[in-house]
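The structure under discussion appears below in the form of structure tokens.
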Amino acid sequence: MQNEKIHKTLGFLEEKIKSGARLEGTEGLFLYENAPLDWLQRQADAVRTQRHGRAAFFNRNIHFEPTNTCVYACKFCAFYRPPKAGAAEGAWDYGFEDLREKLSAYPTGSLTEVHITGGVHPDRGVEYGEQLCAFVKNIRPEIHVKAFTAVEVSYFARKSGVTVLEALARLQKAGLDSLPGGGAEIFDPEVRKRIAGGKAPAHTWLEVHEAAHGLGLLSNATMLYGHVEEYRHRIDHMQRLRDLQDRTAGFKSFIPLRYRNESNALSHIPEVTPEEDLRNYAVARLFLDNIPHLKAYWVMLGLEMAGWALAYGVDDLDGTVDDTTRIYSMAGGMAHPGISSNRLKELISAHGRDPVERDSAYQPIMSNGR
Ligand code: V47
Ligand code: SF4
């Protein structure tokens, strides 16, 4: 496209964004393809400031990944092991007592959320999920249980011969508080088939979240980018989330996840540049106008880049995380992710924002250290 035409369209879009009007899919695509990064930064930061002022959110959480045994074999995944694999091949399976031990390292008040997700174990149905949620609530009733991706929930339901709605209602009764955003990858069926063939299709992922929202459970949404997809697939992905959010308002945060290329079946694909990460956050902030929070997951991105992302529309850095998540360390992310809340606050302040500790529903809470 010629420079003059690009310039004119950017002027038009700047006015549109300022007025609060919603961007069309073609306009989102135009931004990905043509907008200079500094232009995107200014627009995304203005929208972010309008919504959240100088606040940048974080929470005190840990991740627990019960098993990496998985019935699926997503090509981007460095984490999973097939059901026949044993410990020698790197498979693991933690029991409830391992979780008890892990939680016991955190005195009451020093942790607000446990994020539980893992491989889709062939033998586990909704009963397992209920027991795990109830186990956490029994020993630590104050901790928010964010557990099981839509892919895991859909498998639980199938395995136990119940509907998704029934599975979710039973999990909620047992103690589930919200769903994490994983498993969304990219919704476009062709791309999804190439990178995650076999696992729950887009409509299943969306149906699980819609049903969860109907029960009053909040959830997040991710997007895995920077592999074989094109910009139009990212727009399609965000459009489907935006449409669902218009109906339910149940998504709290959107979490773009950059494809990391170590030790998986797509390792020949180079990772995208930091500039591309920032472009993606900014377009997401502008296009996805009805999901309030945009999260830079520092474990995937690195702390320094997560700090920079705060100027490109991001308002949330996830949490303290602890060192038990391996989804990213096995794919090229930080080896032992974990950080104190003070370090997160320093990072946020160094980037000119005000750190706000939040609970899992993004209500500000008073911190008591660690
Ligand atoms: O769905 C797996 C991604 C996701 C790779 O809800 C990879 O608050 C990049 O969903 N390169 C699981 N990404 C993690 C997730 C998440 C993380 C943090 C916070 C929340 C939340 C959710 O991890 C998977 C997949 O998209 N993933 N392998 C990889 N090689
Ligand atoms: Fe299994 Fe999840 Fe890895 Fe896919 S991304 S292989 S569903 S653990």
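Number of residues in the stretch 36-62 that are closer than 15 Å to residue 14 by Cα and in contact (Cβ under 8 Å) with a residue 60 or more places away in the chain: the value is 8. Could you list, in sequence order, the residues of the stretch 175-205 that are under 20 Å from residue 121 (Cα atoms) and away from ligand 2 (no atom under 14 Å from the Cβ)? Of everything in the stretch 175-205, those that are under 20 Å from residue 121 (Cα atoms) and away from ligand 2 (no atom under 14 Å from the Cβ) turn out to be 176, 179. Look at the stretch 187-196 and say how many of its residues are touching a residue at least 60 places away in the same chain (Cβ under 8 Å) and either crowded, with 18+ Cβ neighbours inside 10 Å or part of a loop (DSSP other than H, G, I, E, B) (or both). Number satisfying all stated conditions: 2.
Being within 16 Å of ligand 1 (Cβ to nearest atom), of a type in the set (D, E, K, R), out of contact with any Pro (no Cβ under 9 Å at 6 or more places or on another chain) and closer than 23 Å to residue 72 by Cα, is that true of even one residue in the stretch 205-219? The answer is no; no qualifying residue exists.
Determine, yes or no, whether residue 222 is within 16 Å of ligand 2 (Cβ to nearest atom) and either hydroxyl-bearing (Ser, Thr, Tyr) or over 13 Å from the mean Cα position of the chain (by Cα) (or both). Spelling it out, residue 222 is indeed within 16 Å of ligand 2 (Cβ to nearest atom) and either hydroxyl-bearing (Ser, Thr, Tyr) or over 13 Å from the mean Cα position of the chain (by Cα) (or both). Of all residues in the stretch 225-232, none are farther than 25 Å from residue 63 by Cα, open to solvent by less than 50 Å² (accessible area, probe 1.4 Å) and outside any loop (DSSP other than H, G, I, E, B).
What residue, among those in the stretch 265-307 that are open to solvent by 10 Å² or more (accessible area, probe 1.4 Å) and of a type in the set (Asp, Glu), is nearest to ligand 2 (Cβ to nearest atom)? The extreme case among them is 271.
Screening residue 253 against (1) open to solvent by 20 Å² or more (accessible area, probe 1.4 Å); (2) in contact with a Leu (Cβ under 9 Å, 6 or more places away or on another chain) leaves a single unmet condition, (1).
Residues that are within 21 Å of residue 220 (Cα to Cα) and at pLDDT below 95 number at least 2 in the following helices (runs of 4 or more DSSP H) confined to the stretch 297-370: 298-301. The C-beta contact set for the stretch 89-106 (first residue closer than 11 Å to residue 139 by Cβ, second residue surrounded by fewer than 16 Cβ atoms within 10 Å (Cβ to Cβ), distance under 8 angstrom, 6+ apart or interchain) comprises 96/131; 100/139; 103/139. For the stretch 47-81, a residue qualifies if it is more than 16 Å from ligand 1 (Cβ to nearest atom) and either modelled with pLDDT under 95 or not small (Gly, Ala, Ser) (or both), and the qualifying residues are 47, 48, 49, 50, 51, 52, 54.
None of 162, 136, 208, 151 is more than 16 Å from ligand 2 (Cβ to nearest atom), buried (at least 22 other Cβ atoms within 10 Å of the Cβ) and in contact (Cβ under 8 Å) with a residue 12 or more places away in the chain except 136.
The values are calculated or read from the model by the stated rules, or taken from the named source; none is laboratory data. Source: prediction; values computed, not measured. Methodologically, a virtual Cβ is constructed for each residue, glycine included, from the backbone with ideal geometry; neighbour enumeration extends over all protein chains shown. The area values use the complete protein model at the heavy-atom level, side chains included, leaving out ligands, DNA and RNA. Shrake-Rupley method; radii C 1.70, N 1.55, O 1.52, S 1.80 Å.
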